[in-house]
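Read the structure below first, then the notes.
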Amino acid sequence: MITESNVKRILLNDLNFDTQKIQKLDNFAKKLLIFNKKHNLISKNTEKKIWFRHILDSAQIIKFLDSSKSLIISDFGSGGGFPGLIIAIYGEKLRFHVKLYEKSPVKRIFLSDMIKKLGLNNVKVADNVYNQSEKIKSEIIVCRAFKKLEEIIKISREIVKKPHKLIILK
């Protein structure tokens, strides 16, 4: 099994997270686990594997983002912040702007609270993707455990301005 320290080493050495970003991830993970005791953000049986199962799984998306560009990234079905909040932490000093779309008011409150506590200025929380008054403007759509692939593609075609790329973790 991959340990928390192994994941942190991978984040530092392979995915270019710095120690400040790792500290923010650490704070995020601790607060998520506390909040998860009352509200189901992640499955209880994955809590002990949060670093591997959720954080590293989300962070792998960074390999597919051009850090030299200004990017507008939308995370559909953010839930507890995966993968969008992880991308926002990584892209905090880059020109990444991340929008977290989440239908659950409880999860939106958690995400907004985390954004404040982590001091992130490059990320905003939005309501359900279906409740948007105009087309979503984004160059990259990311999602993890959101909907079936057919539904994600339908949303991409009907609700998101063109052109954009999809990065889907399934």
Between helix 4-13 and the chain: long-axis angle, C-alpha atoms, 0 to 90°, nearest 10: 60
All-pairs alpha carbon distance profile, segment 89-157, 10 Å steps from 0, percent: 17, 49, 31, 3
Span per principal axis, largest first, for the Cα atoms of segment 20-96 (Å): 38, 26, 17
Within the chain, helix-based [θ] at 222 nm, where runs of 4 or more DSSP H residues each add -39,500 (n - 2.57), nearest 500: -11000 deg cm²/dmol
Karplus-derived HN-Hα couplings along segment 62-67 (A = 6.51, B = -1.76, C = 1.60, θ = phi - 60°), whole Hz, x at Gly and Pro: 4, 4, 9, 10, 8, 6
From phi via Karplus (6.51, -1.76, 1.60), per-residue ³J(HN,Hα) for segment 133-144 in Hz, x at Gly/Pro: 7, 9, 4, 6, 9, 7, 8, 10, 10, 10, 7, 8
Residues whose placed amide H lies under 5 Å from that of residue 17, excluding near-sequence neighbours: 12
Mean separation of Cα contacts under 8 Å, 6 or more apart, over the residue count of the chain: relative contact order %: 20
Amide H partners (placed H, <5 Å) of residue 98, local residues excluded: 73, 123, 124
Using alpha-carbon coordinates, inclination of helix 19-36 to the longest axis of the chain, degrees: 80
Sulfur and carbon atoms: percent of accessible area, segment 1-66 [1.4 Å]: 52
Carbon and sulfur %, accessible surface of segment 68-170 computed with the full protein complex present, 1.4 Å: 52
Principal-axis tilt of helix 149-159 within the chain, Cα atoms, nearest 10 degrees: 50
Amide proton proximity set for residue 142, modelled H, under 5 Å, gap of 5+: 74, 75, 76, 167
Cα-Cα pairs of segment 35-170 separated by more than 23 Å (percent): 28
Qualifying lysines (Cα of each under 20 Å from Cα of residue 135; at least 8 residues distant if same chain): 99, 103, 124, 147, 154, 161, 162, 165
³J(HN,Hα) computed for each position of segment 117-126 - Karplus, 6.51 cos²θ - 1.76 cosθ + 1.60, integer Hz, glycine/proline x: 5, 8, x, 8, 10, 9, 9, 10, 9, 10
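The values are calculated or read from the model by the stated rules, or taken from the named source; none is laboratory data. Just so it is clear, the structure is predicted and the values come from calculations on it, not from any experiment. Only protein heavy atoms, including side chains, enter the accessible area calculation; ligands, DNA and RNA are left aside. Shrake-Rupley method; radii C 1.70, N 1.55, O 1.52, S 1.80 Å.
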